[in-house]
Every structure is written in C-alpha cells, then in structure tokens.
Amino acid sequence: MSMLVLGASGQIGAYTVQDLIEFCGEKDVIASSRKMANVKKAMDDLKLTKKVKLMEIDANDTNKVLDVIKKEKVESVVNCAWYQTNLGVMDACQKGGATYTDLGGFFDTCLKQIDLNKKWADAGINATIGLGSTPGMTNIAGAAGAKRLDSIDKIDIVCAWGNTLPVKEAGWPGYSIRTVLDEFTQESVQWVNGKYEKQKILGGETDVLMPEPIGKVKAYFIKHSEPATMGKYLKAKNVTFRIGFPAMDMNTFLTLRALGFADEKPIEIGGGKVSPLDYLTAMYQKGISDGRGAPPKEKFEYDMFRIDCVGKKDGMPKTATYFIVTWNDPERGVSSARDTAVPPAIVAHWQHTKRIKQAGVFPAEATVEPEAFFKELGKRKILVDEQITTTAKYY
C-alpha cells in the first residue's frame, strides 16, 4: 500500500517526500506534480528519483486523483499543492478510502473542511488538516499549552523569519508566494472573546521578542487557520495570529502588492496572456528549484515561532510559552522551509501506521500528541522549547 504526495515539485512538497523516505522509513511513495519534468528535477536534486514513483497529477483534477488512489492502492495522501485544491483532493480521498493531510486551508477553506467531519466519520477515515509549520506546529504547541492550564484566556501566535548573511538580501518566504499575496490583500479574522472578528489588513501591529538572531520584530495580524479552530477545540477565549516580516521582505511584498502581482486576471504580453499572480508564482518556483540544486554551505536562514498560552492553573495565573526554532541545514542541503515540510510527513506516517486513526476531519490540535510530535521535530533539528511562568501566593 502506498502514499501519495501532491505538489511534490514545490518548495515544501519535495522536502515532504524526502522526510517520508529518510526519516519516516516509508518504502512506497508516489511523488507527483502538474508537470512530470518539474517533479523529476525536484527528486533528482534530492537524489530520490530511484526511491520513489514519479507521476504527473494536477491536484485540481479530482477524478484523476481518485483514479490514482484506486489504481495504486493509496492509503494516505499528503496534499502539498495550493490550498485551493484541498476540498477537491479531500473528496477524492474520502471516496477512495485514503487518509488525508495538507498544509492548511487559509481560514475559509479550513472551516469548509471541518464541516466535512460527519461525512468522514461515517466513512471511518481520518483527515487531520493544517499540518505545515503554521498552521500545524503552532496548533500542536497550543494543545501542549492547554494541557498545562485549567482555563485559557488567550493564545497568541507569532511567526517570524530572518536572514543573517553579511549582505542582507530579501529571503524567500518559507511557504507559497501565492499565500503571501493573499495575506497582504485579505482581511484577517481573529478569535476575540469567543467569536470571530474581522481585522483590517496588516492590523494589530505590536512588538514581539523572538530568540536571537531575530530578536525584536514588528508583527501584524494575518489571515490564518489557527484562529479558525483553536479557540473552539482548545476552549480558549482569544486566539490571535501575527507574522513578523523582516523589514526588507515586508517592503518587497508591499511593492509586489502595489504593482498588482496579486491580480489573477490575465493581461496580454507579447501576444500571450498570463495573470500577474501566475507569472510571479512561476518565477518563485523557478527560484526555489534553482536554489535546491545548489544548497548553501552555511547556516543563515532562520524560521521562528512563538506561542504564548495564557490562563490559570489551580486558580492562579500561569503562562506556557513555546519557542520553535529551525534553520537551513547545510549538512543535508535542506532549507529552513523543512519546518513546513516535516509536520505533514510525520502526521501522514502516523496515519499510515494507525497511530492517528480517529474517524472524521480534525485540526492538528485535536489529534496529534504534542510531546511525541516535538521529539520527532527534534530529530530533524527543529527545536521546541517550553517555558512555564507561574504565580504563587503565600498569604
């Protein structure tokens, strides 16, 4: 019985395949992409071509995905394609009897996925959604914090990244450039006092202290999946999600937005038509592909996450804070984006081996055991620190 990775030529999907083979020990993995040449190059770059089966599959083609699930006897699917494909791929998995995980549904799609819970429960299949770095590791850290508290007043999540090269250059985001442009053009929704509240684009600016070498960053509300589920599943009154963009990257993304690169409407260029967003996506994917073939030989690229779970224990204030830190791994030639690629591999492996088997559709905080998951991250040089702050009274 096999596992299928969709979007395996992308920045995340290729490393997900690598993790399934090298760390999870999966022997029967299908690596697929919309174009065979792209997935072959990705697997060649990672020296995995002889260890996987290559297929050309468009994740938008639900019937083709279902056909492959049936013909190849696929038991587990990891969807690393764009989040707009999530619902269609889930439909194919449910009909084909395969477990499912993905990188997140960007709030709106996430809620639509959760609404499929009864259908999946009746079918006896598990779907654990939103398993990148954020959402994913952040949700599981929130679940860990919830175990330390009797009640939760708030969970504040911050994601940041940084480049420590002597010559400061704008870095690639560790996730889809399409999602970044969505974040810069759509209102976020946060969980405030037990309900969803819309916020202005890049609102909620605040200073946040991250570990070195990133340090203090300005962070902004961003549309994300964590507030969609964590308040309800962890019984938290407030859940917020912010990103602390490096200053140079922030300016780059604002410029791209101002130039209209978030526009999906095709424009005519030299007799052909292409949308600015599709053009930007193609250039981004080319840059990622070129970089994967010549990985850097020094540590310089850091991703960091801070999750503050604030509440009470035994009637007294208590805070559980989680810092998650990763960097590009020169020894294996893997970028810091592996922190998004590793979580879906771990969870898909746990689904495949029946460690996660609850029937239905769940977010990561509902099905993934935090401590065991953190230990798996540690094996991949993705480090999780827990800091507990308590208040005691002696009167």
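Just report the Cα centroid separation between segment 200-220 and segment 1-42, whole Å.
So the two Cα centres are separated by 34 Å.
Beyond 13 Å, what share of the Cα-Cα pairs of segment 347-395 remains, rounded to the nearest whole percent?
Above the 13 Å cut-off, segment 347-395 has 70 percent of its Cα pairs.
Return the loop-located trypsin sites (Lys or Arg not before Pro) in segment 268-344 (DSSP other than H, G, I, E, B) with at most 10 other Cβ atoms within 10 Å of their own Cβ; answer none if there are none.
Here the trypsin sites (Lys or Arg not before Pro) that fit, given the DSSP loop and packing criteria, are Lys297.
Between Arg355 and Glu205, what is the label-to-label distance in nm when each label sits 7 Å out along the Cα-to-Cβ direction?
Result for the modelled spin labels: 4.3 nm.
At 222 nm, what helix-only mean residue ellipticity would the chain give, in deg cm²/dmol to the nearest 500, using -39500 (n - 2.57) for each DSSP H run of four or more?
-10500 deg cm²/dmol
Do any GluC sites (Glu not before Pro) in segment 287-377 lie in a DSSP loop with no more than 13 other beta carbon atoms within 10 Å, and if so, which?
Loop-located and lightly packed - Glu298, Glu331.
What fraction of the Cα pairs in segment 137-333, stated in percent, has a spacing above 22 angstrom?
So the pairs more than 22 Å apart make up 55 percent of the total in segment 137-333.
Give, in nm to one decimal, the length gained when the segment between Lys265 and Lys216 is fully stretched (0.36 nm per residue of separation minus the Cα-Cα distance).
13.8 nm
Before anything else, pin down the relative contact order of segment 84-173: Cα pairs under 8 Å, at least 6 apart, normalised by residue count, whole percent.
Reported relative contact order: 24 percent.
Tell me the chymotrypsin sites (Phe, Trp or Tyr not before Pro) within segment 31-129 that lie in a loop according to DSSP and have at most 12 other beta-carbon atoms within 10 Å.
When the chymotrypsin sites (Phe, Trp or Tyr not before Pro) of segment 31-129 are filtered for loop state and at most 12 Cβ neighbours within 10 Å, nothing remains.
Relative contact order for segment 137-333: what percent, with Cα pairs under 8 Å and sequence separation of 6 or more?
For segment 137-333, the relative contact order is 30 percent.
Can you compute the modelled spin-label distance between Ile388 and Asp28, with each label point 7 Å from Cα toward Cβ, in nm?
4.4
Can you tell me the FRET efficiency between Lys64 and Tyr196 if r is taken as the Cβ-Cβ distance and R0 is 45 Å, rounded to the nearest 0.05?
Given R0 = 45 Å and the Cβ-Cβ separation, E is 0.80.
Just rank Ile152, Ile222, Ile21, fewest to most, by other beta-carbon atoms within 10 angstrom.
Ordered from fewest to most neighbouring Cβ atoms within 10 Å, Ile152, Ile222, Ile21 come out as Ile21, Ile152, Ile222.
Which whole-number percent gives the relative contact order of the chain, counting Cα pairs below 8 Å spaced six or more residues apart?
21
So how much slack lies between Lys313 and Lys71, counting 0.36 nm per residue of separation and subtracting their Cα-Cα distance, in nm?
Roughly 81.9 nm would be gained on extension.
At a Förster distance of 45 Å, what's the computed FRET efficiency of Asp108 paired with Lys50, Cβ-Cβ distance as r, to 0.05?
It comes out at approximately 0.65.
If you scale each eigenvalue of the Cα gyration tensor by 5 and take the root, what three semi-axes come out for the chain, rounded to whole angstrom and sorted largest first?
Equivalent-ellipsoid dimensions as semi-axes: 31, 26, 21 Å.
Readers should treat all values here as calculations from the given coordinates under stated rules, not as data from a laboratory. Fair warning: this is a prediction, and the values are worked out from it, not measured in the lab. A quick note on method: Cβ atoms are made from the backbone with ideal geometry, for glycine too, and the neighbour counts reach across all protein chains shown.
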